[in-house]
Amino acid sequence: MEKLIYNLDPDEIELALTSWGEPKYRAAQIWKGLYHHLWSTPEQFTTLPLKLRHKLAKEYRFSNLQLEKVLLSSDGLTEKILFRLPDEQAIETVLMHYPLHNRQDRHTACISTQVGCAMGCKFCATGQMGFHRHLSSGEIAEQVVYCARQLAEEGEQLTNVVVMGMGEPFHNYDATLGAIQRLNHPQGLDMGARRFTISTVGLVPAIRRFTKENSQINLAISLHAADDELRSSMLPINDKYPLHQLIDACQEYARKTSRRVTFEWALVRGVNDTPDQAHKLVHLLRGMLAHVNVIPLNPTKKFIGEATTKRRALAFQAILQKNGLPCTIRLRRGIKIQAGCGQLAGAQNT
Ligand code: SAH
Ligand code: SF4
């Protein structure tokens, strides 16, 4: 099978072109076509001679993402996009629109890094499907290019990317970071690293590696519980990397990079939305540059827990805030269109 062109770094494109006897500057033109003009077919590369366009078409695939379905939430603010990959697997990308007064609207893409996930978190639709395969860096990058292209056609710009779709990004570390690096490139999409957020279930060695990168990409940790017993019952990976190891790695990250860590917490009624968990959480994160995002659980087929109530969520938030731990209550978007993590593609892949 031909290679996906989005899998290539600028120097790999240059290498291919020089091996074909083409001048180096053609590589820059191709890069600009892909990531600046957001062209999606070789025919659109009118800056190149026809012969080279044909050669590109023969050697490379220009897309691995075949659009299968788009679901729009009733308020029109969340779009769930289902893509079919060449090997028939399905992944999803979610595009969220945030209208702002007196300012350019914000548009955030939530992208996938794997088909399924090996981490098996009990409450997560992606975890419930098991692991199918890693996405290549090009397949990760192409999701962002797709969203940027769609927005450009509407005269809008993609402002943020959250790596919170299907899969565990730090289990597919090189492809995820490689894709973001390509999207950062100043002669291409030019999206600064601080516009990206990677969310991880807490793979400690990868967090330590990420700390060393000293990048401006934001880091979010899926915590969900403040003691080992409860966390292991919801997130099996906690047996391998228990809380003291995880928090230690986060503290090192915050200290070395001076960046704030976001902790994600899906509130399950009567399970982790209790005052006891809130107090334990305050204790766990004491002294760290941290922020907590709580989200009512998005119910899934194979998990019996229920979403918290508004009153309980507010009480949980109040305990954190009273103790100096910033906490935001987020609303899960797109529940009706199965835009909760992994829900739609999960239904297509099984
Ligand atoms: N694997 C990564 C990123 C993808 S999951 C991670 O776990 O962080 C993105 C976020 O959605 C995580 O915080 C995850 O815990 C959360 N999530 C998964 N299923 C959910 C559900 N049913 N309700 C609420 N949040 C959920
Ligand atoms: Fe994987 Fe994240 Fe879902 Fe856990 S919450 S199963 S790590 S995608």
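The values are calculated or read from the model by the stated rules, or taken from the named source; none is laboratory data. What you are looking at is a predicted structure, and each value in this text was computed from that prediction instead of being measured. With ideal geometry, Cβ positions are generated from the backbone for all residues, glycine too; neighbour counts draw on all protein chains shown.
Scanning the range 143-190 for residues that are part of a loop (DSSP other than H, G, I, E, B) and within 11 Å of the chain's Cα centre (by Cα) turns up Met164, Gly165, Met166, Gly167, Glu168. Apart from one condition, Ala307 fits all of (1) within 14 Å of ligand 1 (Cβ to nearest atom); (2) surrounded by fewer than 19 Cβ atoms within 10 Å (Cβ to Cβ); (3) touching a residue at least 24 places away in the same chain (Cβ under 8 Å); the exception is (2).
Taking the numbered list (1) of a type in the set (A, V, I, L, M, F, W, C); (2) in a strand (DSSP E or B); (3) more than 28 Å from Gly192 (Cα to Cα) in turn, Cys121 passes all entries but (2).
Output yes when any residue across the range 201-223 is within 13 Å of the chain's Cα centre (by Cα) and over 24 Å from Tyr98 (Cα atoms), and no when none is. Looking for residues that are within 13 Å of the chain's Cα centre (by Cα) and over 24 Å from Tyr98 (Cα atoms), one finds at least one in the range 201-223, hence yes.
Take the conditions at pLDDT below 95 and either surrounded by 16 or more Cβ atoms within 10 Å (Cβ to Cβ) or out of contact with any strand residue (DSSP E or B) (no Cβ under 9 Å at 6 or more places or on another chain) (or both) and apply them to Gly324. Does it pass? No: the conditions fail for Gly324. Among the residues making up the range 209-223, those that are farther than 14 Å from Arg259 by Cα and of a type outside the set (A, V, I, L, M) are Arg209, Ser222.
Checked against (1) within 16 Å of ligand 1 (Cβ to nearest atom); (2) more than 24 Å from the chain's Cα centre (by Cα), His244 passes all but condition (1).
Taken over the range 97-112, residues that are more than 18 Å from Val201 (Cβ to Cβ), not aromatic (Phe, Trp, Tyr) and not in a loop (DSSP other than H, G, I, E, B) amount to 5. Can you spot a residue in the range 36-44 that is among the aromatic types (Phe, Trp, Tyr) and in contact (Cβ under 8 Å) with a residue 12 or more places away in the chain? No, that holds for no residue.
Screening Asp227, Asp174 for residues that are under 28 Å from Trp31 (Cα atoms) and acidic (Asp, Glu) leaves exactly one candidate, Asp174.
Scanning the range 124-142 for residues that are in contact with a Ser or Thr (Cβ under 6 Å, 6 or more places away or on another chain) and assigned to a loop (DSSP other than H, G, I, E, B) returns a single hit, Leu135. Here Phe131 meets each of (1) touching a strand residue (DSSP E or B) at 6+ places or on another chain (Cβ under 6 Å); (2) farther than 27 Å from Leu77 by Cα; (3) within 9 Å of ligand 1 (Cβ to nearest atom) with one exception, condition (3).
Checked against (1) buried (at least 18 other Cβ atoms within 10 Å of the Cβ); (2) on the phi < 0 side of the Ramachandran plot, Leu38 passes all but condition (2).
Gln187 satisfies every condition listed in (1) within 16 Å of ligand 2 (Cβ to nearest atom); (2) surrounded by fewer than 24 Cβ atoms within 10 Å (Cβ to Cβ) except (1). Of everything listed in (1) out of contact with any strand residue (DSSP E or B) (no Cβ under 8 Å at 6 or more places or on another chain); (2) surrounded by 17 or more Cβ atoms within 10 Å (Cβ to Cβ); (3) closer than 20 Å to Leu135 by Cβ, the single unmet condition for Leu48 is (3).
When you go through Val115, Val94, Val70 one by one, which is the residue that is within 16 Å of ligand 1 (Cβ to nearest atom), assigned to a strand (DSSP E or B) and under 28 Å from Gly155 (Cα atoms)?
Residue meeting the stated conditions: Val94.
When you go through (1) farther than 29 Å from Met129 by Cα; (2) surrounded by 14 or more Cβ atoms within 10 Å (Cβ to Cβ) one by one for Leu100, which number turns out not to apply? Tallying (1) farther than 29 Å from Met129 by Cα; (2) surrounded by 14 or more Cβ atoms within 10 Å (Cβ to Cβ), Leu100 fails exactly one: (2). The test for being among the charged types (D, E, K, R) and away from ligand 1 (no atom under 12 Å from the Cβ) does not hold for Glu168. Among the residues of the range 292-302, is any within 18 Å of Glu229 (Cα to Cα), of a type outside the set (Lys, Arg) and surrounded by 18 or more Cβ atoms within 10 Å (Cβ to Cβ)? No, every residue in the range 292-302 fails to be within 18 Å of Glu229 (Cα to Cα), of a type outside the set (Lys, Arg) and surrounded by 18 or more Cβ atoms within 10 Å (Cβ to Cβ). Contact map, the range 150-179: residues that are assigned by TED's automatic domain parsing to the domain that holds Asp105 paired with residues that are among the basic types (Lys, Arg) and surrounded by fewer than 24 Cβ atoms within 10 Å (Cβ to Cβ), Cβ distance under 8 Å, separation 6+ or inter-chain. Pairs shown: Thr159/Arg106; Thr159/Arg195; Asn160/Arg106; Asn160/Arg195; Val161/Arg195; Tyr173/Arg209.
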